[in-house]
Structures are given as structure tokens and as C-alpha cells.
Amino acid sequence: MEYSTSLALLAPEILVSVSGLVLLLVAAWSGDKSARFISIAAAVVLGGAFALVAPSVCTGAAGPDTVAFGGQFRADAFAGLAKLMIFAASGAALVVAPRFFGRAGAMRAEFPILVLFAALGMSIMVSAADLITLYIGLELNSLSAYVLAAILRDDERSAEAGLKYFVLGGLASGILLFGMSLTYGFAGTTNFGGIAIAVADGLSTGQLFGLTFVLAGLAFKISAAPFHMWTPDVYEGAPTPVTMFFASAPKVAAIALLARVSLEAFGSQSLAWQQIVIFAALLSIVIGALGAIGQQNVKRLLAYSSINNVGFILIGLATGTLAGASAMMVYLAIYVVMTIGSFVAVLLMRDGNGDQVESISDLAGLSTTRPALAWCLMALMFSLAGIPPLFGFWGKFVVFQAAVEADLIALAAIGIAASVIGAFYYIKIVKVMFFDEAVNTVTGKSDTPHWVLLAICALLISPLGYLLIGPLGNLADMAAASLAVAF
Amino acid sequence: MGGFPILSVMLAVPLVGAIACLFLDAKPARMVALAATLINLALGVVLWANYDIGGAQWQFTEYSELFDGFAYALGIDGIALMLIMLSVFLMPICIGASWEAITKRVGEYMAAFLLMEVLMIGVFAAQDIFLFYIFFEAGLIPMYLIIGVWGGQNRIYAAYKFFLYTLLGSVLMLIAMLWMVNAAGTTYIPYLMEYDFPVEAQTWLWLAFFASFAVKMPMWPVHTWLPDAHVQAPTAGSVILAGVLLKLGGYGFIRFSLPMFPDASADFGWLVWGLSMVAVVVTSLIALVQADMKKLIAYSSVAHMAIVTVGLFAFNVQGLEGAMMVMLGHGLVSGALFLCVGIIYDRLHTREISRYGGLAINMPAYAVLFMLFTMAAVGLPGTSNFVGEFLALAGIYQANSWVAFVCTTGIILGAAYMLYLYRRIIFGEQKNADAAAMPDLTIREYLLLGPIAAAVLWMGIYPESFLAPMRADIEVLDARLAAAAPEGDAQLSIGEGAPTEEEHAEGGAH
């Protein structure tokens, strides 16, 4: 394969990395006063990358034409769809951040650049077709993320979040590397296609260990139980725009990566990893639901909610079918919208001094004091709980449909029954906002960009979202199909 | 009706009204809500007038592949028509009942009610199984808000209980639906009603649907959410809960469980009969000792719904027709009884029975109307409930005479608790001065109770108007069930008859 073709396939990544470097230089010389310009420039760059990726998603790019650098990198429709979500979520983080940090006087020029590099890492992750590429992408993303979590240097909680994330993330990377080296040792290759051939006639014990450690490492990145412990602390401590970023884009990337490793590299041995994924899925649903019940802080609650949602996404993967992969992508797309919406709503919760309000009890009576915010948040909560006619229901619907079609009825029945536990804490927030007496804490002024973003999210998860089922399902089907024609 | 999409319009009118109400002040919101519900009532009358009895099974059908994965398919048969009529008939009355009782957050309240109406009509009109599920499940959101925001003292507990109970019931049904659609390859309800699912699968599917509908119905022992929800909900909330929402369970049985899984329905007949028998006796006895009027009527609803379930699972035409008539009659009567309670609650702000007494003296008109509805609840001939209860019990008698025997005691117990309630409130001493000073019905209250009284009498005296549209559909269902129907223990056959007179005379000569 010619270098020019490979480089052309990498165009979005090249765009993001070159502009990231240029913007870094700009930031280095002009300091924090250029933060605003850099934010806008970074958003434009992400938009450009989005536009570069979009055609491959719409045409369902698949097959050998999408392989770059001798099978290390794949720019197919599956990666493309994940990249679209990643770039959109990163863009949303850039939109909400300046106002948030600006109020604290801590808007730093590094922020948009770190987001850009994290997005770059994630986009490499989802395109990885080789364990080495996978690791490069993962670490590029993680290192940027550690710094992002600690970006509020004066805030103890932020620093604590960054440190926790770093230590536990490093541990997870170690586990992942160990799994990768075992896989390499027993399969003789780091390439997904090569691994698929090596394991085609059954897994050896060494390969099984390798697979298990790789899955454990990735489960940490998507905060699936039982590797979820870091999530609530990091989500609570990190600045809210950063939390929003963590809860959306890296989840997409890591889940897409997990799907590719499972379905491509170990696709022929689905029985081996299916039980691991099923275990993680059900445990995540239950722990995510039970853990959230006692929470007093909205961000911690949303952290458990994200664990809970990852459980449902993993049900799609657990089917081991293309329909399951497609359902997973649909769920992810809806999940990203719901997450961004919820965190933007959290960002809009400010008291009279403009300080962030994060306690659930401060939301009491929000429906009388700030009706628009309360109604949007209510729609988001019911949507996260998966109650129709809100769009969140559709995500659960497709995932369970895939599970039923794959004859995993027991998994589907247990999963959906456990979702009722989760509904409890979502409706608790609605209860606090609508049934309780107003405390009138949330009085701060709101910013227009936040409102616009919240309105877009609310509109997408409203029943109007159902009109998107067709196109979204189509894209997800094409993306999943591109996994099938891997090699 | 040509190509006029009347069902979609009936969904759109309250939806637009609901959105408008959200942005309006109290006064205009009330007017908009009343206007929207009255328009829908008028549309409902048009719908009924144009329903072709004896025509196609599914009428007013609309079909659009608006969504991928399921279709926007609407259409009604006679059963759905009658339940839609019940909904659109009760809705303006609910709005009227809340006219003065609701003073805070009126716009949101009216919006929630109009949304409720959209969803109820949608449930009855949906012809796509997933569309049905969406409407069915979405009803939780407005009802949760209605109970939680405008309810009584213990409203939050009641709202949680209502929401989680019914959600847990429904989610398993979703899995069953997914399985059915996967097996049958269609989401279109009329096709699914004719599809023969494997018998062993039917068992599981039936149980999953039963989990949902039994909670909605509600059947003993999963009825406990109902008294809480009723007591805490505002008057109009109770009316809509008893009048229409409880009918969703019965509708589910008649639309899904029976035609789609006839064999499993027959196999589980004993379960339904057993639970219904317990429900009739136990909840009637519980109703007898209630000190709270609303709770009493709530428990009586559970007992009445048990008559519906035995009628449905009698597997014959009388039983099915009776079940439908009880649903319609109970919708009207229990709605009216909750209104009656609401009327005196608005004056004295207590639902405690012992606080009232001798209201016949200061509220004679109220006493007369309350008497009519009490008698209807008891099942007096000439009122709506008599027709339904008689048919349902006649139906179950053919299937199992013991079940019929136990369930008939429900009528006696029903008379006991209703007449006891009536005596304590309307007759006797005027114990409290404030209760004795309550004014009689206002014009608004006449307008609320009058139409229901007329409908109750109409249904009791000439039930043919209501039975005629449903007859063909119930016969189709009966034919579907015929193969699976269990053999009754009371197979009546005409005996030899008495000997003729000559033989008699001969015999006498010996």
C-alpha cells in the first residue's frame, strides 16, 4: 500500500494533530489571554475533522480500501461513526468550558489543546487494528485526560481527581499491557487480523489469559463494574465541563475499541469473552443503580448513572452479533446526547454568586423557580431511565432487541428488570425538582451557549428524536457491517 | 369518513392543548384544556357515529412508516371504540372537577391531563405493538406528576409506588414483545393476533404480559399501589385513574393475552380465577372497614376489576361482553363516586367518613345523585353495572360454577359496603355543624355529575347501543379462543322433561 493512500485515510487525525501542535505553540507564546481564540480554533478544527470523517460514515466505508499502514489502522465506517460522536462531544466540551473556567478566572489556553489531543488519541483508538496502535491511542487520550482532570490547580478536589485518575489509570494500562503481551506471546502477532487467525481453532490458556487481561484493562476505561471504583470520585472532583467530557467521548472511544477487539480479533471465540461481558454488563447495571441511590451530589449520581448505562451498552456487545454492535452504536449516540444534556443542566445550576451548585437538595422546587431548566432536566432524567416516549427508551429498546434476537432472553429479562432499580433515582431527581418546596438556591444567571446546547439535547431526546431512528439505525448498521468484512 | 385521519386528529388536539397550557396562566389554561377535551369529545361522537357496525373489523386505519423499526399504525375495532369513548367522555369532566380545586400550577396540571388523554387514546388506537408499548408506558410520566405535585399528604410515597410498581410490571412485557416480533416477523397487532405462537413459548409470554396487566388492572395481590395512589391523587386524578387507566389492564388482556396466547390463557385460567376470587372477597371485606371514603372506593375498584378478569377468562361470549360492560360501567360509576367524594372534600377538606352524616338534609340533590351512583356500584338492575356483572357472572358460571358462586358474593358484599357508606354519610344525625352547613351542588357540579348519571342509566336500560359495536369483535375473539377453552363444569343440557299428562294420569291410576 502506498503511503499517500494511507496518509489520506489518516486525514482527520493529521488535521487534528498538526493544528493541535500549532495551537500549542500559539498558546506557549501568547499565554492565557489567547485562550478564547484557541478554543474557537480548536472547535473549528474538530468541526473540520468531523466533516472529513462524515463521508466515510455515510457511504459505509469498509473492506481493504480502509486499511492504512499495512493493517495497523482502519478508517472504516465503524471507526468513523465513533469518531463523529467523539468530535461532537469534544466540541461540546469546548463550547461549555470557557464560561465555566472564565468565572473562576482559570481559563487556560491548555484546555482546548488538551481536549484536541485527547480527541486525537480517541480517534486513533477507535481506528486501531493493531494492539500497538491501540495502546498509543489509549495513552495519548489518557495522559491528556489526567491533566484535564487536574486542570483547576487551586482546587483540591480537582487535583485529587487528577491524581486518582492517574494512579488507577496507570494500573489499568499496566493490566492492559500485560494482557497485550500475553496475547502477543501466544498469538505471535499484535495485529487484530493475525490474532483472529491465530485463535481461529480455539484459545490456548495463554491466549485466554491475554484476552481476560485486555478486557479487564478496557473495562477500567469504560468504567464497567467491577472496575468502576474511580468513576464517582473523578467525576465529582473534576471540573464539570471536564466531567462532561469524560462521561461522553472517552466512553465512546473505549467501547468502540472494546467492540473491535472482541468482535474482530477474538470474533471466532465469542463464547470465551461473552460470559465476561455479560458478567460485567449485569454487574454494572446493578452497581450503577444501587450505588446511585444514596448519592447527594448530582455529579456523583451521574457518575453512577454512566456506570449503569455502560452496563446496557455492554448487553449489546454481549450478543456477539452485528445487530448487537449496531444497537450498541445507537445506544452510544443517544447516551452521548443525554450525558451532554445532563451535565450542561448541571452547569446551569448556579447560585446567586455564580458558584456551582451540585447538591441534589439544592434542586428542590426547581420547577417553580426555573421551570425551563426543570422541564429539560426532567426530560433528561426520564430519558436516562428509559421511559418512553423519550428517546432514551429507544437505546434500551434496540439493545434488548439485539439480545432477544441472539436468544439471550434471560440476560435481557434480568437486565431490564434491574433497570427499574435505576429508574428509582432518576425519578427521585424529578421528585426533588417538582414535588418539594422551593429552596430557591439556583438563582444564578445562565449563559446562552449553555442554553443552546441544552435545548439541542432536549430536542434530540424528545419524542421528535424518534424521527431519527431510520437514519441513525442505518448508519449504525453500516458501521457494524464494516466490522464484519474486516479481513 | 374518507381519508380524514380522525384518530391522529384526536391525538393532536390534546397534544397541542397540552403544549399551549404549559405557557399559559391559570385562567386561559383552564379554558384551553376544556376546549381541547370538548373538541375531542365531539370528535369521539363523530367517530362513534361513523363507526360501521358489522363492517370491517379494523376501521379508521392509518398507516405510515414514519419510524424505522415500528410503524405509526392506528385503527380501532368496537372494543377500542368504546374505551376511547369512555376516555373522551370522562376527560372534560375531569377538567371541570379541577376547575376550582386546583389553584397552584394550573397550566402544568392541565398539560399533564391533556397529555394523559393523548396517551390513553393512543393506547387504545395503536395497531403497532411497539407504538402501543410507548403509549402504554409513557402514561407513567404525567400520572407520576399528577399524583406527586397535586396530591395529598403522603403523595410522594404514593407517586413512587405507582411509578415503580407499574414500571416493573411493564418492562418484562417489553422483552416478551421483542421475542414475539422476532418470532412472528411483524409488529402489526392484527397479524400478531392471528399468529400461532408455539405452545411452550406462550406460557412465558403470557406470564410476562400478565405481570404488566395484572399490576395495571390491578389484581390481588399486586393491587396495593392503587389505594395509595387513589387516596393521594387529586379528585380528577382519581377519576382518570379509576375511569380509564385501570381499563388498560383489561384492554391488554383482551387485545394481547387472550387472542395471542389462547392456549396459555386456558392453562392459566385457574390462576386468574383464583386471584379474582380472593380479590372479590378480600378487597370487599377490606372496603367494608375503611374509614376513608376514597380508600373504600379504591378497594371496591379492585373487587370490580376481579369481576372483569373472571369474565375475560370465562372463554365465552357472555363473559367477554360482560367484562367489557363492567369496564365501561365501572369507569363511569367509580369516576362519578370519586367526583361525589371530591365534591364534599372540596367543602370540608376531609375524606373521613365519620366527619360527615345526615347530608340528605342540607344537600338533598347531592344525596339523590350519590344514591344513583351507589346503586349503580352495587349493580342494581337498570344501571350500567348490572348488565356487565350479570353477563360476566353468567359467563363464568358456564365455565366454573364455584368461581361464579364465590364471585357473586362480591355483589352482596358490594351492596354491604356501599350502602353502609351511604348510610353513614347521607343519613343519620348531623354530627358536625360544619358538615351540616355545607351548601348543595353548584351548577358546575350538576354539569359534572349529570352527564355521567345519564350515561349510567342509558347503559343500564339500553345496553345494546354499547354492545352492538363490540359484538362482532367479541365473536371473533371467542372463535379464536374456542379451541383452547377449558371444558366447563356446568354443561347444562336440557333433560328428558316431565312425563306427558297421559303417562302422568296412568301413573296416578296405579
Practice item. Return the pairs, sorted by first residue and then second, in which the second residue is assigned to a helix (DSSP H, G or I) and open to solvent by 20 Å² or more (accessible area, probe 1.4 Å), the first residue lies in the stretch B:436-449 and is within 12 Å of residue B:368 (Cα to Cα), the beta carbons are less than 8 Å apart, and the residues are 6+ apart or on different chains. Key: B:440/B:362; B:440/B:364; B:440/B:365; B:441/B:365; B:441/B:369; B:446/B:365; B:449/B:369
Study note, to complete from the structure: Looking across the stretch B:140-152 at residues that are open to solvent by less than 10 Å² (accessible area, probe 1.4 Å) and in contact (Cβ under 8 Å) with a residue 40 or more places away in the chain, the single one that is nearest to the other protein chains (Cβ to nearest Cβ) is B:149
Practice item. Identify all residues within the stretch B:81-123 that are aromatic (Phe, Trp, Tyr) and over 14 Å from residue B:240 (Cβ atoms); write none if there are none. Key: B:99
Check your understanding: Among the residues of the stretch B:172-191, which ones are touching a residue at least 24 places away in the same chain (Cβ under 8 Å), more than 18 Å from residue B:65 (Cα to Cα) and open to solvent by less than 50 Å² (accessible area, probe 1.4 Å)?
Key -> B:173, B:174, B:175, B:176, B:177, B:180
Practice item. Scan the stretch A:274-287 and report the pairs whose first residue is under 14 Å from residue A:419 (Cβ atoms) and touching a residue at least 40 places away in the same chain (Cβ under 8 Å) and whose second residue is open to solvent by less than 10 Å² (accessible area, probe 1.4 Å) and among the aromatic types (Phe, Trp, Tyr), with Cβ atoms within less than 8 Å and a gap of 6+ or a chain change. Key: A:281/A:312; A:285/A:312
Point to revise | Selection within the stretch B:153-172 - more than 10 Å from chain A (Cβ to nearest Cβ) and more than 19 Å from residue B:117 (Cβ to Cβ) | key: B:153, B:154, B:157, B:158, B:161
Practice item. Kindly list the number of the only condition in (1) under 16 Å from residue A:35 (Cα atoms); (2) modelled with pLDDT under 90 that fails for residue A:93. Key: (2)
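So which of A:73, A:78, A:69 ends up being buried (at least 22 other Cβ atoms within 10 Å of the Cβ), touching a helix residue (DSSP H, G or I) at 6+ places or on another chain (Cβ under 8 Å) and within 24 Å of residue A:264 (Cβ to Cβ)?
Numbers: A:73 fails: buried (at least 22 other Cβ atoms within 10 Å of the Cβ); A:69 fails: buried (at least 22 other Cβ atoms within 10 Å of the Cβ).
So the residue among A:73, A:78, A:69 that is buried (at least 22 other Cβ atoms within 10 Å of the Cβ), touching a helix residue (DSSP H, G or I) at 6+ places or on another chain (Cβ under 8 Å) and within 24 Å of residue A:264 (Cβ to Cβ) is A:78.
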Revision key, fill the gap. Out of (1) facing chain A (nearest Cβ under 7 Å); (2) not in a helix (DSSP H, G or I), the one residue B:175 does not meet is (2)
Practice item. Identify, by number, the condition in (1) surrounded by fewer than 20 Cβ atoms within 10 Å (Cβ to Cβ); (2) touching a residue at least 24 places away in the same chain (Cβ under 8 Å); (3) part of a helix (DSSP H, G or I) that residue A:89 doesn't meet. Key: (1)
Check your understanding: Are any residues in the stretch A:96-129 open to solvent by 10 Å² or more (accessible area, probe 1.4 Å) and more than 21 Å from residue A:165 (Cβ to Cβ), and if so, which ones?
Key -> A:98, A:99, A:102, A:103, A:105, A:107
**Study point:** Checklist (1) surrounded by 15 or more Cβ atoms within 10 Å (Cβ to Cβ); (2) under 20 Å from residue B:118 (Cα atoms); (3) over 28 Å from the mean Cα position of the chain (by Cα) applied to residue B:38, failing item
**Key:** (3)
Review point. Under the condition of being open to solvent by less than 10 Å² (accessible area, probe 1.4 Å) and either over 21 Å from the mean Cα position of the chain (by Cα) or over 19 Å from residue A:350 (Cβ atoms) (or both), which residue from the stretch A:436-465 is farthest from the other protein chains (Cβ to nearest Cβ)?
Key: A:444
**Study point:** Answer from A:93, A:104, A:88 - the residue that is out of contact with any Lys or Arg (no Cβ under 9 Å at 6 or more places or on another chain) and more than 27 Å from residue A:30 (Cα to Cα)
**Key:** A:88
Practice item. May I ask you to list the residues in the stretch B:410-443 that are within 25 Å of the chain's Cα centre (by Cα) and either open to solvent by 40 Å² or more (accessible area, probe 1.4 Å) or small (Gly, Ala, Ser) (or both)? Key: B:410, B:411, B:412, B:414, B:415, B:416, B:419, B:420
Practice item. Give the residues of the stretch A:285-298 that are over 20 Å from residue A:312 (Cα atoms) and either buried (at least 23 other Cβ atoms within 10 Å of the Cβ) or under 20 Å from the mean Cα position of the chain (by Cα) (or both), sorted by residue number. Key: A:298
Review point. If you scan the stretch A:88-112, which residues turn out to be within 30 Å of residue A:475 (Cβ to Cβ) and in contact with a Gly (Cβ under 8 Å, 6 or more places away or on another chain)?
Key: A:91
Review point. Got at least one residue in the stretch B:69-86 being at pLDDT below 90, in a loop (DSSP other than H, G, I, E, B), within 14 Å of chain A (Cβ to nearest Cβ) and open to solvent by 10 Å² or more (accessible area, probe 1.4 Å)?
Key: yes
Review point. Among the residues of the stretch B:153-167, how many are open to solvent by 30 Å² or more (accessible area, probe 1.4 Å) and touching a Gly at 6+ places or on another chain (Cβ under 8 Å)?
Key: 2
Review point. For the stretch B:335-440, which helices (runs of 4 or more DSSP H) that fit wholly inside it have 2 or more residues that are modelled with pLDDT of 85 or more, out of contact with any Pro (no Cβ under 6 Å at 6 or more places or on another chain) and farther than 30 Å from residue B:153 by Cβ?
Key: B:364-378, B:384-399, B:401-426
Exercise for review: Tell me which residues, restricted to the stretch A:161-202, are under 22 Å from the mean Cα position of the chain (by Cα) and of a type in the set (D, E, K, R).
Suggested key: A:164
Check your understanding: Residue check, residue B:298 against (1) open to solvent by less than 10 Å² (accessible area, probe 1.4 Å); (2) farther than 25 Å from residue B:382 by Cβ; (3) touching a Gly at 6+ places or on another chain (Cβ under 9 Å), all met but one. Which one?
Key -> (3)
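The values are calculated or read from the model by the stated rules, or taken from the named source; none is laboratory data. Only a predicted model underlies this, so the values are computations on that prediction, with no experimental measurement involved. Ideal geometry is used to build each Cβ from the backbone, glycine not excepted, and the neighbour counts take in all protein chains shown. All accessible areas refer to the heavy atoms of the entire protein, side chains included, with ligands and DNA or RNA removed. Shrake-Rupley method; radii C 1.70, N 1.55, O 1.52, S 1.80 Å.
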